[in-house]
Structures are given as structure tokens and as C-alpha cells.
Amino acid sequence: MELLDRVNLLLGINDKDVLMQIFIEDAQTEVIDYCNLLAYNVKFDGTVAKMVIQNYNKSKTQGISTESFSGVGQSYIDGYTNDVKQFLNKNRKARFIWLVRGWKLIIAW
């Protein structure tokens, strides 16, 4: 199943949305950058789908951290859920940079 179809199905959206494709591409780029990858790998599709859903839901409440109506309060998370963070951290690669005097290992968490 294509990633766009998977996300639309999880969100209950029946048509292919250009906005959703932008969310997918942004999440894939975020995974590549965060995990220090050379290219995107399909093993991240499940996590990217979760990231897209979280970003999509957050886009509807942009700028709101908490709200309450009739005594019922609701707060919104900042960033991604723990399962997304754990998967990305588990698949993060070390980054090497060249210095004048030799190699130095840089691990940016």
C-alpha cells in the first residue's frame, strides 16, 4: 500500500490530497535529517505515517497548547509521541566530520 493511501485511510480521508503529500514529504525529510541517512528507507513508513497524522492533527490546532470548554480541559503534546521518538532514536546513525587533524566522531542527539 502506498504511504499516501495508508495515511488517508488512517485519517478516514477518501481523496488523495496534495496537502497530505506535502506532510509526507516533510516527514520523510525530517527522518532523513534526524537519523543522518543518505536516502529514505521504506522501513520508516509506519513511523512516517504516525508523524504525518500527528502533524496533520496539530495543524488544525496551530498555536494552541491547552483549551477548555464547560469545565473540560484538553492539552496538546509538543513534538512527537514517545513511540515515534524511540523508533527514530533507535535508527539514528552517528555522523562523522573531517577535521584538519583527523576524524572526529560527532553524535548529535
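Which one is surrounded by the fewest Cβ atoms within 10 Å (Cβ to Cβ), of the residues in segment 1-29 that are touching a Leu at 6+ places or on another chain (Cβ under 9 Å), in a helix (DSSP H, G or I) and not hydrophobic (A, V, I, L, M, F, W, C)? So that I can check it myself, show each step before the final result.
Kept after step one, since they are touching a Leu at 6+ places or on another chain (Cβ under 9 Å), are these residues of segment 1-29: 1, 16-17, 20-21, 24, 28.
Restricting the remaining residues to those that are in a helix (DSSP H, G or I) gives 20-21, 24, 28.
From what is left, the residues that are not hydrophobic (A, V, I, L, M, F, W, C) are 21, 28.
Values: Gln21: 14, Gln28: 19.
So, considering only residues that are touching a Leu at 6+ places or on another chain (Cβ under 9 Å), in a helix (DSSP H, G or I) and not hydrophobic (A, V, I, L, M, F, W, C), the one surrounded by the fewest Cβ atoms within 10 Å (Cβ to Cβ) is Gln21.
Step by step: first the residues of segment 37-62, then only those that are surrounded by 13 or more Cβ atoms within 10 Å (Cβ to Cβ) and among the basic types (Lys, Arg), then the one that is nearest to Tyr80 (Cα to Cα). Which residue is that?
Lys50
Given Ala94, Ala108, which one is at pLDDT below 75, of a type in the set (Gly, Ala, Ser) and over 12 Å from the mean Cα position of the chain (by Cα)? Spell out how you get there, then give the answer.
Working: Ala94 fails: at pLDDT below 75.
Just one listed residue meets the conditions, Ala108.
The values are calculated or read from the model by the stated rules, or taken from the named source; none is laboratory data. Being a predicted model, the structure only gives us computed values, none of them experimental. Ideal geometry is used to build each Cβ from the backbone, glycine not excepted, and the neighbour counts take in all protein chains shown.
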